[in-house]
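These notes concern the structure reproduced below.
All of the numbers you see were taken from the coordinates with simple rules; none came from a lab. None of these values were measured; they are calculated from a predicted model. Cβ sites come from the backbone with ideal geometry, for glycine too, and all protein chains shown count toward neighbours.
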Amino acid sequence: MEFKPRIVAFLCNWCSYTGADLAGTSRMEYKANVRAIRVMCSGRIEPTFVLKAFINGADGVLVCGCHPGDCHYQEGNYRCLRRFLLLQKYTKQMGLETERLKLEWISASEGKQFAELVNSFTETITELGPCKIKETMKVLM
Amino acid sequence: MEESKPKLKLAIYWASACGGCCVSVLDVHEKLFDVIAAADLVFWPIALDIKYKDVEGMPDKHIDLTLFNGAVRNSENEHMAKLLRAKSKILVAYGSCSHLGGIPGLANFSTKEELLRRVFIETESVINPDKVLPLPEYEVKEGILNLPEFYNDVRSLSQVTEVDYFIPGCPPQTERLLEVFTAIVTGAELPPKGSVIGADIKTQCDECIRNKSENKRIKKFYRPWEIEDDGVSCFMEQGVICMGPATRAGCGYRCIKGNAPCRGCYGPPPGVADPGAKMMSAIAGIIDEKEPEEIRRVLEDVVDPAGSFYRFSLPVSLIRRKLV
């Protein structure tokens, strides 16, 4: 059977979710592999959320927030960036491919960029194949 | 009548453990007389010569209270975990290893094959030209010899069998054990099954004895030996990684009082699925940089996030072993 990756995207309410919405209202087409989760700010995205997404079967996780300097809450996206870089270091240690976790800034006007991001990320994950985390966690021996 | 009251039957067992938990029980010092006045020790390998077959011969639910320390790393540990579960009315996971997987749980960064190869073939002091590895079963002319089977994954006690209570700590603070023991002896009302007992519900930071301010801005992290600790202010504010924000209180700040940062042995506070993930949030929150390159530079000082943040809890965390 053809591998259809499952991708979880955490999108901030003020920029990235609005950007994704713009892609929709502009009738742009993009891959349907992304499950969008709206959070108020990218600063709200805890490392636990990302790890749980992987544990529950995500093959890739996308984290999107406002561009640096544009955060609705001033500092949230910087917090997100710091957490992301530390989380990336940790997931690499655990043997997860770094490409499976991606951070991008998407503004409310960047519907096109969002559609392109989803397409390219889906392609990357499709090439990588299914994430082995769920299988590894299943076996206790 | 006090004399006719039947004595409590107490068992203490070590699985994959260092022995420190058993010693922490001995640290009750002269209170040991109160313990043995109220309880008969029916099984305790560190102190009593009672064999596994004696335990196997006991009727089910014969033991009132079993303190099980150590992680489950091989088939012997698993057998004893299940046996003591069947023979005990109350089974307590005692100490970090049986509660969270503990230090032996760090073996989950490797596979069984990697560990056996390192220990029996590659270690500098080992002479093993025939590359002999331990086997669970080996036939000699007198018959078949057996060794416990070494597992690929280290597990906590509750990943193997049903556990009534958890007493955290590496080792648990002896005073807290006495509180729990007294509660059981006096027949006080016990918390709901599955609770963590002998510890608080807050984090270490909540009531830390060190001075905290709002000034949490870090441009460089230090290993404890790289910095002259002022002895009074928050370790995190000085740039020393301390597990306090993601660790349950109740240890009596033993490490902090010894001027060492918290290592996280009491495990996560209630409601936290993954202590390391919480720690990553906390650490990232205090870095005072905005540019990705600068943040990366600061994070270079966090040399081993997985090993530091999951030092005691790897087998029970969300990603409980290195992916294979």
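About its Cα centre, the dipole of chain B is roughly 460 debye, where the only charges are +1 on Lys and Arg Cβ and -1 on Asp and Glu Cβ.
Between segment A:74-111 and segment B:122-164, what's the alpha-carbon centroid distance in Å? Distance between centres, Cα-based: 41 Å.
Once the Cβ-Cβ distance of A:GLU97 and A:GLN74 is raised to the sixth power relative to R0 = 30 Å, the FRET efficiency obtained is 0.35. Relative to the Cα centre, the charge distribution of the protein assembly as shown, modelled as +1 at Lys and Arg Cβ and -1 at Asp and Glu Cβ, gives a dipole magnitude of about 800 debye.
Looking at chain B, the DSSP beta bridges with both ends there are about 25 percent antiparallel. Taking Cα centre as origin and charging only the Cβ of basic (Lys, Arg, +1) and acidic (Asp, Glu, -1) residues, the dipole magnitude of segment A:7-138 rounds to 480 debye. For the residues B:SER308, B:SER281, B:SER158, a GNM of chain B with alpha-carbon springs under 10 Å puts the largest fluctuation on B:SER281. Of the peptides B:201-209, A:18-26, B:315-323, the order by per-residue mean of other Cβ atoms within 10 Å, starting with the highest, comes out as B:315-323, A:18-26, B:201-209.
What the phi angles of segment B:90-95 give under the Karplus curve with 6.51, -1.76 and 1.60, with θ = phi - 60°, is a coupling list of 10, 10, 10, 7, 9, x Hz, glycine and proline written as x. Think of chain B as a dipole: +1 on every Lys or Arg Cβ, -1 on every Asp or Glu Cβ, centred on the Cα centre; then among B:PHE43, B:ILE121, B:CYS97, B:CYS97 lies furthest on the positive end.
Counting beta carbons within 10 Å around each of A:ARG27, A:ARG83, A:ARG100, B:ARG254 and listing the fewest first gives the order A:ARG27, B:ARG254, A:ARG100, A:ARG83.
In this simple spin-label model, placing a label point 7 Å from the Cα along the Cα-to-Cβ direction at both B:PHE150 and B:PHE33 gives a separation of 4.7 nm. Go through B:LYS61/B:LYS202; A:LYS134/B:LYS61; B:LYS257/B:LYS278 and tell me which ones have a Cα-Cα distance over 26 Å in this structure. Flagged as over cut-off: B:LYS61/B:LYS202; A:LYS134/B:LYS61. For the residues of A:75-87, the average number of beta carbons from a partner chain within 10 Å of their own beta carbon is 6. Note on segment A:7-138: dipole from Cβ charges, positive end direction compared against A:SER26, A:THR126, A:LEU81; the farthest Cα belongs to A:LEU81.
Look at the stretch A:49-57: the mean tally of other chain Cβ atoms within 10 Å of its residues' Cβ atoms is 3. A simple packing score, the average count of other Cβ atoms within 10 Å per residue, orders the peptides B:264-270, A:52-58 as B:264-270, A:52-58, with the highest score first. The C-alpha atoms of chain B define a longest principal axis, and helix B:275-285 lies at about 10 degrees to it. Label-to-label distance, A:LYS138 versus B:ASP49, with points set 7 angstrom from Cα along the beta-carbon direction: 5.0 nm. Taking the C-alpha atoms only, the angle from helix B:174-185 to the longest principal axis of chain B is near 40 degrees.
Multiplying the residue separation of B:ASN211 and B:VAL140 by 0.36 nm and removing their Cα-Cα distance gives an extension gain of 19.0 nm. The phi-based Karplus calculation (6.51 cos²θ - 1.76 cosθ + 1.60; θ = phi - 60°) puts the 3J(HN,Hα) values of segment B:262-272 at 5, 9, x, 5, 7, x, x, x, x, x, 9 Hz, whole numbers, x for Gly and Pro.
What separates the Cα centres of segment B:253-300 and segment B:33-111 is a distance of 32 Å. Within the straight-line cut-off of under 16 Å between alpha carbons, the lysines reachable from A:LYS102 are A:LYS52, A:LYS89, A:LYS92, sequence neighbours fewer than 8 places apart in one chain being disregarded. Counting DSSP beta bridges with both partners in chain A, what percentage is antiparallel, nearest 5? In chain A, DSSP labels about 0 percent of beta bridges as antiparallel.
Estimated at 0.36 nm per residue, the fully extended path between B:ARG296 and B:ALA86 surpasses their Cα-Cα distance by 70.5 nm. Reported to the nearest whole Å, the Cα centre-to-centre distance from segment B:169-217 to segment A:19-51 is 41. Kindly identify chain B as rounded, prolate or oblate by the Cα gyration tensor criterion: order the square roots of the eigenvalues as a ≥ b ≥ c, call it rounded if a/c is under 1.5, otherwise compare a/b with b/c, prolate if a/b is larger, else oblate. Here chain B falls in the oblate category.
Helical runs (DSSP H, four residues minimum) scored at -39500 (n - 2.57) apiece and divided by the length of the protein assembly as shown put the mean residue ellipticity at 222 nm at -8500 deg cm²/dmol. Springs join every pair of Cα atoms under 10 Å in this Gaussian network model of chain B, and among B:ASP274, B:ASP230, B:ASP60 the largest mean-square fluctuation is at B:ASP230.
Once both labels are positioned 7 Å from their Cα atoms along Cα-to-Cβ, the gap between B:ALA260 and A:MET28 label points is 5.4 nm. A simple packing score, the average count of other Cβ atoms within 10 Å per residue, orders the peptides B:116-124, B:88-96 as B:88-96, B:116-124, with the highest score first. Taking a ≥ b ≥ c as the square roots of the eigenvalues of the Cα gyration tensor of segment A:7-138, is the shape rounded (a/c under 1.5), prolate (a/b larger than b/c) or oblate? It comes out oblate by the Cα gyration axes.
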